[in-house]
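Enquirer: Quick one: the structure is below, questions incoming.
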Ligand SMILES: Nc1nc2c(ncn2[C@@H]2O[C@H](COP(=O)(O)OP(=O)(O)OP(=O)(O)O)[C@@H](O)[C@H]2O)c(=O)[nH]1
Ligand SMILES: [Mg+2]
């Protein structure tokens, strides 16, 4: 079927029939980058994306998993089928919290309308961000109405994972300096909705104020940059700010992280454990979704996502081509001796490798 190996064709058949074990197997195939996984993805994803994808990110221990569990419960209650991808934190110190995740998530273990997958942090050619996004795509193709992606907002990789989502919720807690940490970690740039969780603790209102101020600053920054990059700020086809010269940049130039036009970013308070504020969060997410669809931003985000995926896959393939090639390994082996003797440098050797691969060297 579709040029797949017989075992993978069988797997795809069970995947399409809605067998959750087939989904698990397919995810492992992709996570481990086993032979043929890209062709499997190509065939499995042929229908295009359709799930509503929600990313939750924030500092370790902010209550992301508790919120994910509460959201999943609410969406299940509304009859949706829900997939959850939790990307394991890299730090071994959070192992306890992770165990906590599993226990909470076990509430859903017997519900066939819910599927939870924890992604291990592992070294792969494509990297964790790419694998995680491919897993989200698989879940989408499997037919979930809603996909929740939890990732710790600590580094670039984790932030990149949120690129799999249509709506990104940044979860902060009123602990000293959290607002400032969030700004440093780049969280202010990626949120469509901000949640101050653990609002039962002191300082929640202060943090809400800080986040609002930071968001206004972010808007101000964007406006200051208008003369240089009008399209990058307002997106293609957007209204040109009065009195500003237009021009420069092509339609579709807006970076994927550009704030959505006409969307006022909500800053909400929740107590994830008791469900306080959950209704407001559900409402904000629904409104953002409607905004994305009405403004054309959803298509723009999906397009940016596809562009990014093409780049990632090309890079992964080039890396595989280079480092899996026998002649390249041989050339390195002998070339490094020449580098050692001072007859070549890493640069001349790299140029030889590229020439071997492409038939021409770098410019
Ligand atoms: N007081 C209070 N505690 C909360 C609230 N939400 C979550 N917690 C607690 O905070 C701790 C961390 O919650 P998690 O949901 O595991 O946090 P997380 O952000 O998923 O953590 P990592 O995945 O390890 O980054 C747990 O002990 C929760 O019970 C809240 O609103 N108020
Ligand atoms: Mg968690």
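Enquirer: When you go through 318, 282, 332, 349 one by one, which is the residue that is in a helix (DSSP H, G or I), over 27 Å from residue 208 (Cα atoms) and modelled with pLDDT of 95 or more?
Expert: After applying the criteria, what remains is 349.
Enquirer: Would you be able to say whether some residue in segment 5-25 is within 19 Å of the chain's Cα centre (by Cα), more than 16 Å from ligand 1 (Cβ to nearest atom) and in a loop (DSSP other than H, G, I, E, B)?
Expert: There is no residue in segment 5-25 that is within 19 Å of the chain's Cα centre (by Cα), more than 16 Å from ligand 1 (Cβ to nearest atom) and in a loop (DSSP other than H, G, I, E, B).
Enquirer: If a residue must be surrounded by fewer than 18 Cβ atoms within 10 Å (Cβ to Cβ) and in contact with a helix residue (DSSP H, G or I) (Cβ under 7 Å, 6 or more places away or on another chain), how many such residues does segment 200-213 contain?
Expert: 0
Enquirer: Somewhere in segment 129-147, is a residue out of contact with any helix residue (DSSP H, G or I) (no Cβ under 8 Å at 6 or more places or on another chain) and either modelled with pLDDT under 80 or closer than 12 Å to residue 55 by Cβ (or both)?
Expert: Among the residues of segment 129-147, not one is out of contact with any helix residue (DSSP H, G or I) (no Cβ under 8 Å at 6 or more places or on another chain) and either modelled with pLDDT under 80 or closer than 12 Å to residue 55 by Cβ (or both), which makes the answer no.
Enquirer: Still on this structure, I have one more. Which count do you get for residues in segment 76-85 that are touching a residue at least 40 places away in the same chain (Cβ under 8 Å) and surrounded by fewer than 23 Cβ atoms within 10 Å (Cβ to Cβ)?
Expert: Selection size over segment 76-85: 2.
Enquirer: Got a number for residues in segment 1-56 being on the phi > 0 side of the Ramachandran plot and in contact (Cβ under 8 Å) with a residue 60 or more places away in the chain?
Expert: So the answer is 2.
Enquirer: A further question follows. So residue 55 clears everything in (1) crowded, with 23+ Cβ neighbours inside 10 Å; (2) at pLDDT 85 or above; (3) within 12 Å of ligand 2 (Cβ to nearest atom) except one condition, right? Which one?
Expert: Tallying (1) crowded, with 23+ Cβ neighbours inside 10 Å; (2) at pLDDT 85 or above; (3) within 12 Å of ligand 2 (Cβ to nearest atom), residue 55 fails exactly one: (3).
Enquirer: Filter segment 35-66 for residues that are away from ligand 1 (no atom under 15 Å from the Cβ) and assigned to a strand (DSSP E or B) and give the result.
Expert: Passing the criteria: 52, 53.
Enquirer: On the given criteria, is residue 301 farther than 30 Å from residue 51 by Cα, at pLDDT 90 or above, surrounded by 15 or more Cβ atoms within 10 Å (Cβ to Cβ) and out of contact with any strand residue (DSSP E or B) (no Cβ under 7 Å at 6 or more places or on another chain)?
Expert: No, not satisfied.
Enquirer: Ok, one more. Which condition from (1) modelled with pLDDT under 90; (2) in a loop (DSSP other than H, G, I, E, B); (3) in contact with a strand residue (DSSP E or B) (Cβ under 8 Å, 6 or more places away or on another chain) is the one that residue 199 breaks?
Expert: Every condition holds for residue 199 apart from (1).
The values are calculated or read from the model by the stated rules, or taken from the named source; none is laboratory data. Not measured: the values here are computed from a predicted model. When we count neighbours, we look across all protein chains shown, and the Cβ atoms used for this are built from the backbone with ideal geometry, even at glycine.
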